[in-house]
Amino acid sequence: GADPDFLRDNPISLSDDDPAGPCQTGRAIRESRPVWCQDYQEDPHATPLHKISQGFNWRSGAVLPLYRNGIVVGVFTLYSDKPGAFIEPIRKLLDEMASDISYALDIFARELERNERERQLNTLSAAVRQSPASVIIADLEGNIQYVNPKFEQVSGYQSAEVVGKNPRILSSGEKTPEDYRALWATITSGGTWQGVLHNRRKDGSLFWEQVSISPILDDQGRPVNYVAVKEDITERRAAEEEMHYLAFYDVLTQLPNRRLLVDRLQKAMATCSRNHRGGALLLIDLDNFKTLNDTLGHAVGDLLLQQVARRLVACVREVDTVARLGGDEFVVMLEDLDGPPHEVATAVTAVCEKILSTLNQPYVLSGYGYTGTPSIGVTLFSDRDNTVDLLLKQADLAMYQAKAMGRNMLRFFDPEMQVMIMKRAMLEAELRQGIQEDQYLLHFQPKVSCVTGRITGFEALLRWQHPVRGLTGPGEFVQVLEETGLIVPVGAWVLTTACSQMKRWHDAGLGTPTVSVNISGKQIHNITDLSASVQAALTASGLAPRYLELELTESQLMNDAERDINLLQRLKEMGVKLSVDDFGTGYSSLAYLKRFPIDSLKIDRAFVQDIVADPNDVSITRAIITLAHNLKLKVVAEGVETGGQLDLLIANQCDEIQGYYFSRPLSIEEAEALLISGRSLDSGVRAGAPNR
């Protein structure tokens, strides 16, 4: 401002005990955070500034710390002659300005450091220029400052082409980031890193180097540069690799052989035991391979083995192993499989089915068309209790069981796991049959207004009328519908059936309740199909769009928020209502929430369940309701089972409730009878009514 004597006459202290310590500036520096004062005369923390602020006619002020390399080095201070001047938008703007200034300070600091390092660089001696080994000198950032003639000869790069660049221009891409982090950790701590690098010349050819990298220290023992001395060992390495390849790989298929498979399997078993994960061993035998060899010859048989090898590699992940044991036997080792045993078995089954399908495709072998099949034996492992030989024996027994069952199939060694897989396959088949035979039906659970006590709508809930097990809840089959994709046609059926039933009740004069339908993650992934299904359901039923509400879970929407905003906009344009289900259990961004064109939030039953006993659940529920109302959204509480829960929800202005307190999910006939009866919530507990 206009008074340069202000800072001299008003000292700042970082000590909380000093009279000048509690001032805004001292607190901002000491606590490393912005300090705002909306009224110097009213804020008890501003007592030391009462006299000063009156003299300058300050009513409010802001002090924001400025950082360099994460350390407070100054403050950005503003004053206003108006109280309450620093409202939230102003605070946000000032925070951004302070961040920009701090960012600039960081940039200036780094630039000064870089310039200092460049000044410290020394020229190399004549001995380095004449060295029979390649020499690179780099700065502390790893940028090349000098290369000798031997480097130019070996790499093909001239000095002018590499100075100022990082040595990674030579990288073949085979080293992992962890390898380079270990290298840097060694040399930055003052040590010497030694190892072998597979690098790439300017012409693209690869070469091997024995490398030693050390820091160059100044007189005070501080590193100022790094020097790398490298010897070309390409020819020696080629000879070593040929010997290794012959020892560990199958020459015909170029797959790992039994020796390498055993080594990898031992390591995988140890890793699975340590990380509490699982793995699987698949033994694959080609059906009728001997007949092919006898009729068309071994050369054609070899072609088949090579093509099978390529197909197997294409069926699995890079981390998995495909090996050839010999003859027509192959092994696939799957590792790092996470989840409970039944999920691991399901994942392994999917891989096996992919292999069966792939190896069943026709082959062309020297002009001959050939179709072959495999038999697959599977055993699972999760620890080091089993030996490699035992696992191979188990997989072999399972494979022969697959051949005995008719070939071209897979069998698990574990009898219990085999039963589990068969049960899941049977369930999937039964679910498909359920679609064909119209075994699915809907139950309806009412939603009730906390103000009028009347039914406002129903949530449509899927049930399965199994021909043997009877009425089956969604917990026993919906996950399989989701995993197999059957949820898409079943979900379309739910939409049409729910809309049609609601239209019939409207036409019968039973009011105009809405119907809510849950949308699965699989349906969300295809915007076009979901929009078409919704439109088809509305058209077929004649239900007005405003009476259909689609429920999407919070976690589903946040998987791809930008995509889902477009989806919701398209659905909203159709006139339907949209609700976020299970709110509070996911990780919603409020920035996205306000952009979603939704009409209501459903408070998850997890918060309602303990709302009477847990003050935290009360606070969370109240916060959700307040947030929703501020966004002009309706709030529905799920899982309301007691009068105490209802009382607290009404006291906190919840709009609607759903749960067993009013009604369990009902069949169509029961729901219709409920509408006819006109039953509503007890008027003594509705919003605005006297307390009970």
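The values are calculated or read from the model by the stated rules, or taken from the named source; none is laboratory data. Owing to the predicted nature of the structure, the values given are computational and were not obtained by experimental measurement. Heads up, the Cβs are rebuilt from the backbone with ideal geometry, glycines too, and the neighbour counts pull from every protein chain shown.
Would you check if A671 is modelled with pLDDT of 95 or more and part of a helix (DSSP H, G or I)? Please lay out each step first, then the result.
Working: modelled with pLDDT of 95 or more: yes; part of a helix (DSSP H, G or I): yes.
Against the criterion (modelled with pLDDT of 95 or more and part of a helix (DSSP H, G or I)), A671 qualifies.
Listed here are the residues, each with its yes/no results for (1) in contact with an Asp or Glu (Cβ under 8 Å, 6 or more places away or on another chain); (2) surrounded by 14 or more Cβ atoms within 10 Å (Cβ to Cβ); (3) in contact (Cβ under 8 Å) with a residue 24 or more places away in the chain; (4) among the charged types (D, E, K, R).
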| residue | (1), (2), (3), (4) |
| --- | --- |
| E335 | yes, yes, yes, yes |
| T349 | no, yes, yes, no |
| C352 | no, yes, yes, no |
| I355 | no, yes, yes, no |
| T358 | no, yes, yes, no |
| V388 | no, yes, yes, no |
| Q401 | no, yes, yes, no |
| A404 | no, no, no, no |
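Taking the numbered list (1) within 21 Å of N408 (Cβ to Cβ); (2) buried (at least 18 other Cβ atoms within 10 Å of the Cβ) in turn, A323 passes all entries but (1). Every test in (1) touching a residue at least 24 places away in the same chain (Cβ under 8 Å); (2) assigned to a helix (DSSP H, G or I) is passed by Y180 save one, and that test is (1).
Looking only at helices (runs of 4 or more DSSP H) that fall completely inside region 433-546, which ones have 2 or more residues that are in contact with a strand residue (DSSP E or B) (Cβ under 6 Å, 6 or more places away or on another chain)?
Details: elements: 478-484, 487-507, 521-525, 527-541.
Ranges flagged: 487-507.
Scanning region 510-521 for residues that are surrounded by 19 or more Cβ atoms within 10 Å (Cβ to Cβ) and of a type outside the set (S, T, Y), we see that the one that is nearest to the chain's Cα centre (by Cα) is I519.
Residues in region 271-307 that are in contact with a strand residue (DSSP E or B) (Cβ under 6 Å, 6 or more places away or on another chain) and either of a type in the set (G, A, S) or outside the structural domain of L334 (by TED's automatic domain parsing) (or both): G278, G279, A280. How many residues does region 303-354 contain that are closer than 16 Å to L261 by Cα and among the aliphatic types (A, V, I, L, M)? Adding up the residues that qualify gives 12. Test L292 against the stated conditions and say whether it is out of contact with any Lys or Arg (no Cβ under 8 Å at 6 or more places or on another chain) and at pLDDT 95 or above. Against the criterion (out of contact with any Lys or Arg (no Cβ under 8 Å at 6 or more places or on another chain) and at pLDDT 95 or above), L292 does not qualify.
For F596, state whether it is outside any helix (DSSP H, G or I), assigned by TED's automatic domain parsing to the domain that holds Y660 and more than 21 Å from the chain's Cα centre (by Cα). If you could, list the steps in order and put the result at the bottom.
On the way: outside any helix (DSSP H, G or I): yes; assigned by TED's automatic domain parsing to the domain that holds Y660: yes; more than 21 Å from the chain's Cα centre (by Cα): yes.
In short, yes.
With respect to the conditions (1) modelled with pLDDT of 90 or more; (2) more than 46 Å from the chain's Cα centre (by Cα); (3) in a helix (DSSP H, G or I); (4) not hydroxyl-bearing (S, T, Y), R91 falls short on a single one, namely (2). Looking at region 641-656, which of its residues are in contact with a Lys or Arg (Cβ under 9 Å, 6 or more places away or on another chain), part of a helix (DSSP H, G or I) and not aliphatic (A, V, I, L, M)? Passing the criteria: G643, D647. Looking only at region 423-452, filter to residues that are of a type in the set (S, T, Y) and farther than 21 Å from G485 by Cβ; which one of those is modelled with the lowest pLDDT? Filtering region 423-452 for residues that are of a type in the set (S, T, Y) and farther than 21 Å from G485 by Cβ, the one modelled with the lowest pLDDT comes out as T452. For E549, the conditions (1) surrounded by fewer than 15 Cβ atoms within 10 Å (Cβ to Cβ); (2) not in a helix (DSSP H, G or I) all hold with the exception of (1). Residues that are part of a helix (DSSP H, G or I), of a type in the set (A, V, I, L, M, F, W, C), in contact with a Phe, Trp or Tyr (Cβ under 7 Å, 6 or more places away or on another chain) and touching a residue at least 60 places away in the same chain (Cβ under 8 Å) are absent from region 48-59. Scanning region 149-207 for residues that are more than 37 Å from the chain's Cα centre (by Cα) and of a type in the set (S, T, N, Q), we see that the one that is surrounded by the most Cβ atoms within 10 Å (Cβ to Cβ) is S155. List the number of the failed condition for G84; all other conditions in (1) in a strand (DSSP E or B); (2) over 27 Å from E113 (Cβ atoms) hold. Here G84 clears every test but (1). Going residue by residue through region 371-378, is there one that turns out to be of a type in the set (V, I, T), buried (at least 18 other Cβ atoms within 10 Å of the Cβ) and either part of a helix (DSSP H, G or I) or assigned by TED's automatic domain parsing to the domain that holds S273 (or both)? There is at least one residue in region 371-378 that is of a type in the set (V, I, T), buried (at least 18 other Cβ atoms within 10 Å of the Cβ) and either part of a helix (DSSP H, G or I) or assigned by TED's automatic domain parsing to the domain that holds S273 (or both). Residue count for region 28-52 satisfying the condition of being more than 17 Å from I87 (Cβ to Cβ) and crowded, with 20+ Cβ neighbours inside 10 Å: 4. With respect to being touching a Leu at 6+ places or on another chain (Cβ under 8 Å) and in a helix (DSSP H, G or I), R311 fits the description.
Scan region 270-289 for residues that are surrounded by 13 or more Cβ atoms within 10 Å (Cβ to Cβ) and farther than 26 Å from L356 by Cβ and the total you get is 2. Candidates are the residues of region 379-406 that are within 37 Å of the chain's Cα centre (by Cα) and of a type in the set (S, T, N, Q); the one that is modelled with the highest pLDDT is T379.
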